[in-house]
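First up is the structure itself, then whatever we jot down about it.
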Amino acid sequence: MHQYSILIMRWFFVVVQIGVFGLAISRLVVVMDNYYYYYAMGVIVMTMYSVAIFTGYEIYDEADEGYTEYLLALPLTRRELVLGRSLAGGIRSFIFMAPVIAGFMILIGIVNPLRVAAALIALYGFAFGVSGLSITLAVGLRSGDSFDIVMGALDAFIVRLSSALYPIAFMPGPIATLSKFNPLTYAADLFRWSLDFNVQYLSNPVTAVVVLIIFLATFNFAGVAIYERNLEGGAWK
Amino acid sequence: MAAVIEHDLRVFFKYRFTLAGLISMNLADLLIMAVVFTNMVSFNYFRFLAPGIVAMGLFAAAFVIGREVNNETRRGYNQYLLSLPLRRSELVVGRMVAGGLRGLLYASPLLVLAMMILQFPTSTQLVLMLSAMYLLGMGVSGLAISLAVALRSFERFTTARSLLYLMLVFCSTVFYPLTALKQIVPAPLVVLAQWNPLSRVSDLIRGYLIGTPAVTAQGWYELLTFSGVFIFVGAGLYAIAIGRSVR
């Protein structure tokens, strides 16, 4: 029941964000024609981020319940454990958002299998990287409270300091600069590019692919390294 | 009653992680999102949103008391509260007053920020704005307490809280003017947005700080009606809930 209510609420949140906030705010935007689609695509990527980040919270729950010791006792390397969890985090986010993504693609008439595949790969790659980031922070910070506060602040600033909600072209200098270092910017723009959105407002897709690969590789390797260092011998408790 | 208020205020500032998340969200909305949208819409969105953020922050902070009351009701903490040398009415009124004060304390720095961005009001206007905010805080606390005791299950409470939050925040004039909302939602939701206490307080603060929309007596009546109803309903349900805990 708990999981169901969380899932339904998150879906509802996405629908309200796209169906009410997105429509209302797009009535006010005067600098671009199809801002509503731009916003809706950004909300999809943003929600993937929020769902993938939950992987870190589970690591704390497992430590509380004594499940970490069981995982460490399994015939798996730490690398397999971290990479497996990151991959699973990505898949889970993907499954969660699948009905919304499918509905949205049907709504805007995207049926080209190549474009659909490119959009899905962009989303999955990003969610995989975010799961790695979440695991890295969870095992690196060691405190559930610190993790909570870091994730809360990250959630607020990562989303707003990115092109998820608005194009870089309309950001003032410092905000635009910071958003260029944000992987969410490239994930959102790559997703939009795959769905044939006007490239005038998007980052270069090649740059976006490179940034996403660096992002997912960095945080998954960092996750493995920190996991190995912090978990052995029950040091992380 | 002062002891109840003091206790609730002390507890509120122990939620430092919740408060840090809330402050980050409010500041990010105002200092980043609103700044960018100002470059994309035909009016100064930053000035428009500042009062809305005050109302939204106040709403979220005042709602926290619902989670506490829900926990207390489920865990039998009400029995301890009843054993204290307090009249039941002092306990109930103390909690409602504290809920309003929590919201007001949280949102006051946001109001100061909004005044710095927009303009400093006259002392009368300042008193009226703080009164409106306190009324909203008490009304929201009453609403949160009503939900907390009516839905004892934590999952149901958090689900209802999220639904209410979505409905009241997005179906209001916090983020956009009523004219934009009228174009996209059916008439009953427009009525809800007009009566929504978040809209009322956002628009009252806008009226006092930027002059539009004009402050009207109707705006005050609607805010008083919402707050009055939920203060009494919340107090009544809470009194019943703590009474039941000893049977």
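Just so it is clear, none of the values below were taken in a lab; they were calculated from the coordinates. Just so you know, these numbers come straight off a predicted model, no measurement behind them. Every residue, glycine among them, receives a Cβ derived from its backbone with ideal geometry; neighbour counts consider all protein chains shown.
Couple of notes before you dig in:
- Test: residue in segment A:29-50 that is in contact (Cβ under 8 Å) with a residue 24 or more places away in the chain, within 14 Å of chain B (Cβ to nearest Cβ), surrounded by fewer than 17 Cβ atoms within 10 Å (Cβ to Cβ) and in a loop (DSSP other than H, G, I, E, B): yes
- Looking across A:S26, A:S86, one residue alone is under 18 Å from the mean Cα position of the chain (by Cα), crowded, with 19+ Cβ neighbours inside 10 Å and more than 29 Å from B:S153 (Cα to Cα). It is A:S86.
- Options A:Y35, A:Y57; residue that is farther than 19 Å from B:L178 by Cβ, of a type in the set (F, W, Y) and within 19 Å of the chain's Cα centre (by Cα): A:Y57
- Candidates in segment A:133-181 are the residues that are among the charged types (D, E, K, R) and over 21 Å from A:Y60 (Cα atoms); of these, the one that is surrounded by the most Cβ atoms within 10 Å (Cβ to Cβ) is A:R160.
- Taking every residue in segment B:52-76 that is without any contact (Cβ under 8 Å) to a residue 40 or more places away in the chain and pairing it with any residue that is surrounded by fewer than 24 Cβ atoms within 10 Å (Cβ to Cβ) and assigned to a helix (DSSP H, G or I), at least 6 positions away or on another chain, the pairs with Cβ-Cβ distances below 8 Å are B:E72/B:N78; B:E72/B:L81.
- Residue within segment B:155-177 that is out of contact with any helix residue (DSSP H, G or I) (no Cβ under 8 Å at 6 or more places or on another chain), within 13 Å of chain A (Cβ to nearest Cβ), part of a loop (DSSP other than H, G, I, E, B) and on the phi < 0 side of the Ramachandran plot present: no
- Meets criteria (crowded, with 19+ Cβ neighbours inside 10 Å and away from chain A (no Cβ under 11 Å)) for B:A34: no
- Scanning segment A:124-165 for residues that are within 13 Å of another protein chain (Cβ to nearest Cβ), more than 26 Å from A:I95 (Cα to Cα) and touching a residue at least 24 places away in the same chain (Cβ under 8 Å) gives a single hit, A:G144.
- When B:I184 is tested against (1) part of a loop (DSSP other than H, G, I, E, B); (2) of a type outside the set (D, E, K, R); (3) crowded, with 20+ Cβ neighbours inside 10 Å, only condition (3) is not met.
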